[in-house]
Amino acid sequence: MTVTDLDMLEIALVGVGKIARDQHIPAIAANGAMRVAATVSRTGGIEGVENHASLPMLLHARPDISAVSLCMPPQARYVYAAEAILAGRHVMLEKPPGATVSEVLALKDLAAEKGVTLFATWHSRHAAGVAAAKAWLADKAIARVRIDWKEDVRHWHPGQDWIWEPGGLGVFDPGINALSILTEILPAPVRLTSADLTFPENRAQPIAADLRFAGADGLAVEAEFDWRQTGPQTWDITAETDAGTLRLSEGGAKLAIDDAPQRVAGLGEYPDLYRRFAELIAQGESDVDVAPLLHVADAFLTGRRLATEPFHD
Ligand code: NAP
């Protein structure tokens, strides 16, 4: 079927930074049924694409743009999302979906009231091995899960001050990706039982987190998030079950059972996110799961605060 101009989903990208350039723009370009019709950028946007200095200006000037994808840091997301929803536009949120749980739930209610789609994305859930891992674990007795999410913040987030500010989540910015996979692949929910959070003396958000969770039938989950890892980077989840050991590595891209690599396939995380966004819009539905954010909130609620040396970029 050919997609005519009338069928094309016109999307506005808001906040043209690292993730918009690395992932959103190529993923939309690769999808034959949608295009970036405009941007909202305070610093210029994308060459050759109409840019607006503020979201209200775009919403006023372009009533034909039915969908808005928000790619700015989480602290600013609520105000933009509420404006777009109130203007009757479908909204896609980068992860984490907001700075607080209650603002995300309020957006969910607002979208339902206005009859538009709200998609709170968790890109790591769309990594190639995740669906197969979920299917394999569905009928297994899981005894232990171990998460190691260790990366070099200087490499991945150079100069990103927002990440160290309140609401920026610190090491939970990548760590919440692991929690988004965990909450997707486990057949039943777990609850946080302890958290040690390590804060650089000069920063408002943690550089490392050591978490424990408990689930049904004695399931124990331990997670170590650390932003001080140099050398090889680690984004691994291992689950020990009655039928063998499952290992998701490279952020969910690779799957092995008892060390035997499994064949997995997928569109790619961001192409699949945009496929799903279009599907939700067509079905008149929303997809807003706050489970990963709830675990982070619980860690901040109950966590023991440990101090470490100041962090400088
Ligand atoms: P970034 O490059 O530091 O910032 C993104 C853009 O957001 C900025 O370039 C700016 O765009 C806009 N912006 C910044 N502060 C703003 C504010 N206070 N109000 C309104 N707009 C603001 O960040 P990023 O790495 O792209 O991350 C953005 C989001 O994507 C985060 O939630 C992050 O967790 C998520 N994410 C990032 C990555 C990654 O690898 N970086 C991967 C997956 C998900 P303009 O200058 O165009 O206005």
When every residue in the stretch 168-190 that is touching a Pro at 6+ places or on another chain (Cβ under 9 Å) and near the ligand (Cβ under 10 Å from one of its atoms) is compared, the one farthest from residue 291 (Cα to Cα) is 168
Residue satisfying condition, being surrounded by fewer than 18 Cβ atoms within 10 Å (Cβ to Cβ), at positive phi and either touching an Asp or Glu at 6+ places or on another chain (Cβ under 7 Å) or aromatic (Phe, Trp, Tyr) (or both), within set 244, 284, 218, 231: 244
Considering only the stretch 71-84, state which residues are more than 8 Å from the ligand (Cβ to nearest atom) and surrounded by 24 or more Cβ atoms within 10 Å (Cβ to Cβ). 81, 84
Which one is modelled with the highest pLDDT, of the residues in the stretch 265-277 that are surrounded by fewer than 18 Cβ atoms within 10 Å (Cβ to Cβ) and among the hydrophobic types (A, V, I, L, M, F, W, C)? 267
Here are some residues: 224, 201. Which one is open to solvent by 40 Å² or more (accessible area, probe 1.4 Å), under 27 Å from residue 126 (Cβ atoms) and not assigned by TED's automatic domain parsing to the domain that holds residue 103? 224
Hey, does the stretch 131-146 have a residue that's closer than 20 Å to residue 225 by Cβ and surrounded by fewer than 17 Cβ atoms within 10 Å (Cβ to Cβ)? yes
In the stretch 152-167, the residues that are within 11 Å of the ligand (Cβ to nearest atom) and open to solvent by less than 10 Å² (accessible area, probe 1.4 Å): 163
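The values are calculated or read from the model by the stated rules, or taken from the named source; none is laboratory data. No experiment lies behind these values; they were computed from the predicted model shown. For neighbour counting, all protein chains shown are included, and Cβ atoms are generated from backbone atoms with ideal geometry for every residue, glycine included. When the accessible area is computed, the model is the full protein with side chains, heavy atoms only, and any ligands, DNA or RNA have been set aside. Shrake-Rupley method; radii C 1.70, N 1.55, O 1.52, S 1.80 Å.
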